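What follows is a single structure, written as structure tokens, with notes after it.
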Ligand code: ZN
């Protein structure tokens, strides 16, 4: 496994529409492993293939959802890893919420983005089998952010407010 270099703006690959994956062979499997490592090392909660210079429809997401039980609200569930190929959002909730996002490809900036709170995503797993994810709150936001990357869309395109982070200030979400 290799930590890949994360490309940053204004790299043209970040603005291209990523192509669909049709080959689930060794090359894809290696890229999946590298992207997981790269996301964890960054650290980030999601990464899209164009961010490591590969213009294909592949994302990885790893996020620990907060406990739903209020007494347990301080604790977090163990992080869950998602690898999704050719993802497509098939349902958006009408309800939207503004949240603060950052991006590993736009270091040092954050912005407020209004997004649907709940979504359903259909796609394929790393072996090419169909999968479906229902996501809400932060997990839904992460998926939308990563899937936007596959369209060449960055959070700064959607944010109604973007600002520079202070030196050493951690981004709210990658
Ligand atoms: Zn990003």
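No value in this document is a laboratory result; all are computed from the given coordinates. Model, not experiment: these values are computed from the prediction. Cβ: placed from backbone, ideal geometry, glycine included. Neighbour counts: every protein chain shown.
When region 21-48 is examined, which residues are found to be within 15 Å of the ligand (Cβ to nearest atom) and not in a loop (DSSP other than H, G, I, E, B)? Step through it out loud before you land on a result.
As a first pass, look at region 21-48 and keep what is within 15 Å of the ligand (Cβ to nearest atom): 35, 38-39, 42-48.
Residues satisfying the conditions are 35, 38, 39, 46, 47, 48.
Any chance you could count how many residues in region 138-166 are touching a residue at least 40 places away in the same chain (Cβ under 8 Å), more than 14 Å from the ligand (Cβ to nearest atom) and either at positive phi or not in a helix (DSSP H, G or I) (or both)?
5
Of all residues in region 4-57, how many are over 23 Å from residue 88 (Cα atoms) and under 17 Å from the mean Cα position of the chain (by Cα)?
The number of residues fulfilling the criteria is 12.
Would you say residue 62 is under 15 Å from the mean Cα position of the chain (by Cα), outside any loop (DSSP other than H, G, I, E, B), away from the ligand (no atom under 16 Å from the Cβ) and surrounded by 14 or more Cβ atoms within 10 Å (Cβ to Cβ)?
Numbers: under 15 Å from the mean Cα position of the chain (by Cα): yes; outside any loop (DSSP other than H, G, I, E, B): yes; away from the ligand (no atom under 16 Å from the Cβ): no; surrounded by 14 or more Cβ atoms within 10 Å (Cβ to Cβ): yes.
Criteria not met by residue 62.
How many residues are more than 15 Å from the chain's Cα centre (by Cα) and under 21 Å from residue 64 (Cβ atoms) when one looks only at region 82-109?
Total satisfying the criteria: 1.
Of the conditions (1) in contact with a strand residue (DSSP E or B) (Cβ under 7 Å, 6 or more places away or on another chain); (2) closer than 16 Å to residue 86 by Cα; (3) within 16 Å of the ligand (Cβ to nearest atom), residue 51 fails just one. Which one is it?
The failed condition is (1).
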